[in-house]
Amino acid sequence: MYISNTTNRLEGHLCFKDSIFTTSTIPAVFSTNCKKHGQYVIYHNERLPGTSYPAGYSEYADNDLCEVEVYGTFENSFP
């Protein structure tokens, strides 16, 4: 998950990278904190060529993201 002021995730700040969940341990509701300011929250999932993934993982990066809630302040967001 990235926070960015552009739609390019690589120009943003990486706030969370999953290195702990598996298909059987990922929670139905996940929360994380990121104390960065930005206009966009970018959720990124990919399958890297030449990388082996555990049994049960799709060949493609599938997502079932239903909702994102962002809490924070809008300091100097508008003139």
Accessible area of the chain with a 1.4 Å probe: how many percent of it is carbon plus sulfur? 51 percent
Rounded to two decimal places and with Rh computed the Kirkwood way over Cα pairs, what is Rg over Rh for the chain? 1.01
Dividing the mean separation of Cα pairs under 8 Å (6+ apart) by the residue count of the stretch 1-65 yields a relative contact order in percent of 37 percent
Expressed per residue, the solvent accessible area of the chain in Å² (1.4 Å probe) is about 92 Å²
Mind grabbing the accessible area of Ser24 for me, 1.4 Å probe, Å², rounded to tens? 100 Å²
How do Val68, Val29, Val41 stack up against each other in accessible area, from largest to smallest, with a 1.4 angstrom probe? Val29, Val68, Val41
Sorted list, accessible surface of protein heavy atoms, 1.4 Å probe, largest first, for Thr25, Thr7 is Thr7, Thr25
Need one number: nm distance between label points at Asn5 and Lys35, each 7 Å from Cα along Cα→Cβ, rounded to one decimal. 2.0 nm
Unpartnered cysteines - no second Cys beta carbon under 4.7 Å - across the chain: Cys66
Accessible area of Lys17 in the full protein assembly, 1.4 Å probe (Å², nearest 10): 150 Å²
Keeping all protein chains in place and using 1.4 angstrom, which order do Thr23, Thr32 fall into by accessible surface area, from largest down? Thr23, Thr32
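The values are calculated or read from the model by the stated rules, or taken from the named source; none is laboratory data. Predicted, not measured: the structure shown is a model, and the values here were computed from it. Every residue, glycine as well, gets a Cβ built from its backbone with ideal geometry; the counts of neighbours run over all protein chains shown. Ligands, DNA and RNA are stripped out before the accessible areas are found, and what is left, the full protein with its side chains, is counted by its heavy atoms. Shrake-Rupley method; radii C 1.70, N 1.55, O 1.52, S 1.80 Å.
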